[in-house]
Amino acid sequence: PLLGGALMRSVFSGLPYPTSLYTAMLARIRADKSVEYLRTAVIKAYLIRNHQQEFAMSLDTERKDVPYLLGRLFSLLEKNQHDALGKKINSTIRDRYIASASATPRRVFPVLLRLTQHHISKSGYEILKQNDIAKVVEDIPDFPATLTLEEQGVFFLGYYQQNIVNYQKKEQGAQS
């Protein structure tokens, strides 16, 4: 009840959004392992209003901040796993690693990059997938030990926007 009142005050008066709203969205993503439109919209609105960040409406391939790139990379690795194994698996890398990848990337991404080599070799179009991953990785100088709460939100926005593109291409190709 307190969150609803604080949110309405900030909406009507133009004040910053409540931090508790933002942290609740991050907590829901970590708990459910579901990065969906409404949650990312709240995260994006919070970061724009409270931290004066700017975000494109869709995937921004020119954006070079590490948390955004890590989110994009995670999405590409997840897509590789899906293409290689389909629905034959009990748990995806998102199910196992998204919470820790968004908080402690240095511990998770080396493991995921090793796993993805196996997935890429099974998927069929290795060079294209390796190039997509390489384009993102080349702009990441080092995996940070931890990400702040603000950076975790940027991670999830990068993940969400890359995910939209990953599956949009597949649908457009199927219609052709």
Counting only complete DSSP H runs, which helices of the chain cover 30 Å or more along their long axis at the Cα atoms and score a mean Kyte-Doolittle of -1.0 or above? 149-175
Here, trypsin sites (Lys or Arg not before Pro) of segment 1-69 satisfying both criteria (DSSP loop; at most 13 other Cβ within 10 Å) are Lys64
Length gained if Ser100 through Thr19 is fully extended, taking 0.36 nm per residue and subtracting the Cα-Cα distance, is 27.1 nm
Lysine pairs within the chain, Cα separation less than 15 Å, 8 or more sequence positions apart or different chains: 11
Among (1) 13.3; (2) 12.1; (3) 11.4, find the value of mean projected area of the Cα convex hull in nm² that was calculated from the structure presented, and write down its label. (3)
When all protein chains stay in place, what accessible area (Å², nearest 10, 1.4 Å probe) is found for Asp32? 70 Å²
How large is the accessible surface of Glu62 in square angstrom, using a 1.4 angstrom probe and rounding to the nearest 10? 140 Å²
For the chain, modelled as a GNM with alpha-carbon contacts under 10 angstrom, which of Gln52, Gln130, Gln152 fluctuates the most? Gln52
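The values are calculated or read from the model by the stated rules, or taken from the named source; none is laboratory data. This is a predicted model, so every value here is computed, not measured. Here the Cβ is made from the backbone with ideal geometry for all residues, glycine too, and neighbour counts use every protein chain on show. Areas reflect the complete protein model, heavy atoms only, side chains present, ligands, DNA and RNA absent. Shrake-Rupley method; radii C 1.70, N 1.55, O 1.52, S 1.80 Å.
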